[in-house]
1. Picking from Glu728, Glu713, Glu705, which residue would you name as being away from ligand 2 (no atom under 16 Å from the Cβ), open to solvent by 10 Å² or more (accessible area, probe 1.4 Å), at pLDDT 95 or above and of a type in the set (Asp, Glu)?
2. Counting only residues that are within 19 Å of Gln488 (Cα to Cα) and in a strand (DSSP E or B), how many does segment 195-215 have?
3. Among the residues of segment 16-32, what is the count of those that are open to solvent by 40 Å² or more (accessible area, probe 1.4 Å) and touching a residue at least 60 places away in the same chain (Cβ under 8 Å)?
4. For segment 585-612, enumerate the residues that are in a loop (DSSP other than H, G, I, E, B), aliphatic (A, V, I, L, M) and open to solvent by less than 60 Å² (accessible area, probe 1.4 Å).
5. Which condition number does Pro267 fail, the rest of (1) in contact with a Ser or Thr (Cβ under 7 Å, 6 or more places away or on another chain); (2) within 14 Å of ligand 1 (Cβ to nearest atom) being met?
6. Among (1) crowded, with 21+ Cβ neighbours inside 10 Å; (2) under 18 Å from the mean Cα position of the chain (by Cα); (3) more than 16 Å from ligand 2 (Cβ to nearest atom), which single condition is Tyr674 missing?
7. Out of Ser289, Ser251, report the one residue that is among the polar types (S, T, N, Q) and over 30 Å from Ile175 (Cβ atoms).
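The values are calculated or read from the model by the stated rules, or taken from the named source; none is laboratory data. Treat the numbers as computed from the prediction; the structure is a model and nothing was measured. FYI the Cβ positions are ideal-geometry reconstructions off the backbone, even for glycines, and counts take in every protein chain you see. Just the protein is used for accessible areas: all its heavy atoms, side chains included, with ligands, DNA and RNA removed. Shrake-Rupley method; radii C 1.70, N 1.55, O 1.52, S 1.80 Å.
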Amino acid sequence: MRTTVSLNGVIGAKVKRVDAEPKVTGKAKFAADLYFDKMVHCYLVLARKPHGILKGIDVNEALKIPGVVGIYTHEDIPGKNQLGEVIKDMPCLVPVGEKVRYYGDVVAVVAAETLEVAKEAAERVKLDIEELPAVLDINEALKDEIKVHEPTNVPIHKKIRKGELKKGFAESEHIFEGEFYAHYQEQAYLEPQGVIVTPDIDYGYTVYGTMQCPYYVQKSVAHVLKLPLNRIRVIQTETGGGFGGKEDVPSFVASYAAVVAYNTGRPAKLIYDRETDIQTTSKRHPIKSYYRIGVDKYGKLKAMEIRAYMDMGAYATLSPIVMFRTLVHAAGSYEIPNVKVDVYGVYTNKIPPGAFRGFGSPQVLFAVESMMDEISMKLDIDPIDFRLLNTLRKGSRTATNHLLTESVGAVATLENAREISNWKQLNREVDEFNRIHTDRKRGIGVSHIFYGVSLGAAGQHLDASGAHVQINADGTVDVRIGGTEMGQGAKTVIAMIAAEELGQLVEKINVHQPDTAFVPDSGPTVASRTTVYSGNATRLAAITLRERLLKLFCELTGASSEDVFWGDGKYVDRTSGTEMSFEELIEQAFMRNVKLNETGWYETPKLEWDAERGIGEAYVTYSFATQIVVVEVDLYTGQVEVVKAFTSHDVGKALNPEGVIGQIQGGFIQGMGYALYEDLKMKTGQIITDNFNTYIIPTIHEIPEELVVDIVEDPFPQGPYGAKGIGEPSLMPTPAAVANAISRAIGKRVLRIPATPEYILKLIKED
Ligand code: MTE
Ligand code: MOS
């Protein structure tokens with residue numbers, strides 16, 4: 001009987017992406033493509049001041065414009081105005097008399113017959129704001145002189161206390177220090193935020209929209225409209241990228257539109273333009289970090305002390321959860337006996353950052369991996385050997401003292417990266433290049449990371465998922481999960497799991513858009529958890545159905561179940577050779593009233609966690625990666641080109657290898673954009689790079705000629721067929737690898753990202 005290996009060859013095989021055809025041909029329906037009868041178009045009225053008291057909202061002029069249906073403010077909210085996934089510190093619509101805390105605060109929503117009219121009216125709404133001095137950077141905020149919220153700008157502090165730091169430093173032969181800064185990064189999904197909220201046939205409201213977390217949206221809309229959850233139905237429309245930017249933000253977007261749908265009784269469509277999207281929605285958090293690291297004379301890590309400050313902007317949104325990941329990942333993928341980490345969340349009068357691929361970890365991984373590179377240079381140890389000496393292995397304890405007993409592929413990724421890059425030869429090539437060239441220099445950067453899969457100890461209450469699998473009379477299969485497809489390939493991997501277990505063909509399986517009316521709350525689609533959670537739930541439901549089909553097949557053919565093969569759309573008795581197509585078997589099942597639908601539910605065992613000391617099992621399992629990058633720096637312009645990259649990832653098991661490779665390639669490029677090009681600029685709290693003409697993301701031209709991907713499969717026994725997550729770890733090693741490569745090319749340490757040409761020239765000129 002099959003257990004964890006694929007017998008019918010779907011898992012691990014090359015399959016056609018199930019959503020490829022509609023997306024390539026333009027058949028796919030995104031939120032902006034949907035229209036409803038009597039629909040109104042919405043546009044937001046923003047505060048456009050970083051800090052102040054809202055004294056009044058004058059809508060008179062705006063209301064005179066023909067086609068305006070209504071302008072709605074906090075007074076028109078039937079339920080509760082305060083929003084926020086963790087701390088409800090953010091108003092849906094800022095009330096008169098209350099504070100405006102950042103440029104993108106929403107004050108009112110205009111509804112009109114056309115989008116043009118809605119936009120024009122929004123521009124005519126006059127806001128009376130008494131300005132207050134604004135806090136625009138972390139250091140200012142830490143002084144707590146001007147407060148964004150009472151009683152303090154530093155409301156959240158998370159920590160790790162492992163071993164004895166003093167003793168660790170006393171035992172160290174060398175002590176190294178460093179200070180780093182990682183800037184904002186915009187998710188830059190191609191499809192901007194957008195929803196339609198419509199009064200529905202079930203006497204409630206249905207929300208259609210681009211999103212990662214339908215259940216979050218459902219709760220927010222219920223909260224704002226003061227309705228029970230069973231009157232709010234949320235259907236995810238095709239989503240053109242999320243990258244974390246559609247984790248909590250769609251809850252706000254849907255709330256604005258819901259206020260309009262409630263007050264007008266009409267379907268309300270709110271699609272952000274790019275500028276509104278960049279001005280008002282979450283980013284990667286800027287983080288300032290300070291590192292102090294002690295190593296013994298052999299190069300073994302003895303002590304690590306870290307302080308990190310993250311800019312939460314005007315509202316906490318997801319920051320407390322993001323900070324947990326920052327905390328756990330700050331010390332890197334290493335075994336260190338003495339660790340002290342402090343992470344602080346700081347309010348400022350700026351955009352509230354939130355989730356972004358890696359979720360608070362790439363910023364500190366850039367810092368810790370820069371430190372590792374610096375230490376290996378100073379101690380004259382090969383950077384890969386240095387990491388091999390200190391990395392996590394089976395039997396190691398992480399910085400939170402989590403004992404790792406299985407699925408630790410860290411060493412394999414280090415060794416494989418060395419091999420696929422032809423390490424020695426690569427170093428010789430670069431030395432040779434640098435000997436010949438004086439105007440351009442090349443450098444090799446290494447980075448090594450780990451990634452805690454799923455929500456971890458801080459989010460255990462959300463860490464479970466459901467699935468519903470139903471076989472229809474014609475042998476086609478409907479799969480419904482709570483996890484969303486946002487381009488990462490979730491639908492394909494889920495279809496593969498159902499096909500693998502049922503024996504039906506992948507193309508006969510339809511993984512539907514998530515709909516809260518059909519699948520129980522399955523938590524958010526974040527933290528690279530879909531394959532493990534929705535995957536296991538689907539697998540469990542499919543196994544139950546398969547067992548029923550197997551029994552029926554044996555009854556009909558006289559086969560004994562151990563001899564039956566299922567796959568390629570048929571069931572076969574290997575002994576007699578008797579076979580039935582999946583369709584024939586289902587026809588027989590229908591004739592006999594066999595139950596052909598099942599639900600699956602998957603949750604992981606509970607984690608032991610001491611939040612006070614930051615000690616315990618932080619995550620259910622960890623993915624690992626090692627990356628080697630070669631850059632070429634133009635010493636006259638400061639411009640950097642990534643020439644080659646080699647990357648090895650322990651994913652547990654690649655269920656859809658093509659999909660895994662695609663994630664790694666995409667993550668690499670997004671990480672490269674963060675390291676080099678993406679420079680969000682602000683002027684007194686207003687983002688001035690609010691479209692892709694000024695906010696520069698990598699294009700096909702910047703992709704390195706050589707990007708070699710290696711996959712390590714050290715199975716996670718709880719994962720479906722051994723799988724762990726890859727969605728975010730695909731990006732996480734890149735910023736550090738690129739920064740380290742630049743540092744080695746120019747002989748100066750890169751201490752901030754993005755490493756723009758201006759910054760690199762400044763470094764080169766410093767003595
Ligand atoms: N890949 C694409 N194409 N589009 C996306 O929006 N989001 C990333 C990653 N890869 C994203 C993506 C993020 S932030 C996460 S958490 C994971 O995919 C979520 O998907 P998973 O749970 O299936 O790994
Ligand atoms: Mo991903 S940042 O966890 O949505």
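1. On the way: Glu728 fails: away from ligand 2 (no atom under 16 Å from the Cβ); Glu705 fails: at pLDDT 95 or above.
Testing whether each residue is away from ligand 2 (no atom under 16 Å from the Cβ), open to solvent by 10 Å² or more (accessible area, probe 1.4 Å), at pLDDT 95 or above and of a type in the set (Asp, Glu) leaves just Glu713.
2. Residues meeting the conditions: 1.
3. Residues in segment 16-32 being open to solvent by 40 Å² or more (accessible area, probe 1.4 Å) and touching a residue at least 60 places away in the same chain (Cβ under 8 Å): 7 in total.
4. Answer for segment 585-612, where residues must be in a loop (DSSP other than H, G, I, E, B), aliphatic (A, V, I, L, M) and open to solvent by less than 60 Å² (accessible area, probe 1.4 Å): Val594, Leu596, Leu607.
5. (2)
6. (3)
7. On the way: Ser289 fails: over 30 Å from Ile175 (Cβ atoms).
Checking each option against the conditions leaves just Ser251.
Let's see how each residue does on (1) open to solvent by less than 10 Å² (accessible area, probe 1.4 Å); (2) more than 19 Å from Val453 (Cα to Cα); (3) under 20 Å from the mean Cα position of the chain (by Cα):
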position	(1), (2), (3)
Thr626	yes, no, yes
Val629	yes, yes, no
Phe668	yes, no, yes
Met682	no, yes, no
Asn691	no, yes, no
Ile697	no, yes, yes
